1. Which one is farthest from Glu112 (Cα to Cα) among residues in region 169-215 that are open to solvent by 30 Å² or more (accessible area, probe 1.4 Å) and β-branched (Val, Ile, Thr)?
2. Given the criteria open to solvent by 50 Å² or more (accessible area, probe 1.4 Å), of a type outside the set (S, T, N, Q) and closer than 15 Å to Thr116 by Cα, does Pro50 qualify?
3. Quick check on my filter: what residues within region 59-104 are modelled with pLDDT of 95 or more, of a type in the set (S, T, N, Q), open to solvent by 30 Å² or more (accessible area, probe 1.4 Å) and outside any helix (DSSP H, G or I)?
4. Return the residues of region 105-155 that are among the aromatic types (Phe, Trp, Tyr) and either modelled with pLDDT of 95 or more or open to solvent by less than 40 Å² (accessible area, probe 1.4 Å) (or both); say none if nothing qualifies.
5. Quick check on Val59: is it under 16 Å from Gly202 (Cα atoms) and β-branched (Val, Ile, Thr)?
6. When only residues in region 22-38 that are touching a residue at least 12 places away in the same chain (Cβ under 8 Å) and of a type in the set (A, V, I, L, M) count, which is surrounded by the most Cβ atoms within 10 Å (Cβ to Cβ)?
7. Determine, yes or no, whether Glu42 is charged (D, E, K, R) and either assigned to a helix (DSSP H, G or I) or surrounded by 11 or more Cβ atoms within 10 Å (Cβ to Cβ) (or both).
Amino acid sequence: MLRAENYRQRQQVLFSSLAQVQALWRGESVTRHELSLPAQPEPVSLKTWPAPFQTEIPVWLTTGSNPDLFTEAGKRGLNVLTHLVSQTREQLVENCAAYRLARRQAGFDPAEGTITLMLHTQAGAARKTLLPRLKPALTGYLQAFMALSDNLSQPRVADAEQNEKKQAYTLKWGVEKYLNHCGLFGSAQECADQLARLRQEGIDEVACLMDFGMPQSSVEETLRTLATLL
């Protein structure tokens, strides 16, 4: 929204800007012509200080189901942050394989590079015990997300009834999808078993979203339970 003119070339702009950030991180200078003053047309040279402890900045490229971005991340030696909202587990396996292949073809060690999967997470009690608490929390979470989407799309008043039915179906489907496919829920052993399956599918680590409407006590229990899996 702030730089709408970059939307059509968003990927090119992303990688161009990333190259500048990486250069600055390494201690190099970056020249910016657009920062010149009217009375001083000379380009401005930028450099960051103090120098960071790490010579290279770890970078995660966020993508959903776009295999081209998985491949591009692999070619550039970047990590990947992904999710299951817009891709199936089968697609995720294929995208992970494409990432590793791209790393190999670009001369990187295919075993290195991190693919991080975002998952809603609650751990401690058995999954069947958690479900009665998870469903209303996820319903409220998704309702808030859908309300934001509706504000952006601004549906016509004439379509209000049809839109309400569509929302109800989408909400029900979304909650079931999160409960059964897009979440890390259950006891320590149940979570460990699911993490092992994800590892076999190509996932290196999981980014856990725990604060989605669950009580603080449940979030704290989740943290304690996950700590036992480290």
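The values are calculated or read from the model by the stated rules, or taken from the named source; none is laboratory data. These numbers come from a predicted model, not from an experiment. As a convention, Cβ positions derive from the backbone with ideal geometry for all residues, glycine included, and neighbour counts pool all protein chains shown. Each accessible area value is taken on the protein alone, full model and side chains, heavy atoms only, with ligands, DNA and RNA left out. Shrake-Rupley method; radii C 1.70, N 1.55, O 1.52, S 1.80 Å.
1. Result: Thr170.
2. no
3. Selection gives Thr62 alone.
4. Answer for region 105-155, where residues must be among the aromatic types (Phe, Trp, Tyr) and either modelled with pLDDT of 95 or more or open to solvent by less than 40 Å² (accessible area, probe 1.4 Å) (or both): just Phe108.
5. Considered against the rule, which asks whether it is under 16 Å from Gly202 (Cα atoms) and β-branched (Val, Ile, Thr), Val59 comes out as no.
6. For region 22-38, the residue satisfying everything is Leu24.
7. Judged against the criteria, Glu42 is not a match.
Each row is one residue, and each column tells you yes or no for (1) out of contact with any helix residue (DSSP H, G or I) (no Cβ under 6 Å at 6 or more places or on another chain); (2) more than 30 Å from Arg199 (Cα to Cα); (3) among the polar types (S, T, N, Q).
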site	(1), (2), (3)
Ser16	yes, yes, yes
Leu35	yes, yes, no
Pro43	no, yes, no
Leu46	yes, yes, no
Asp68	yes, no, no
Leu81	yes, no, no
Gln87	yes, no, yes
Cys96	yes, no, no
Ala102	no, no, no
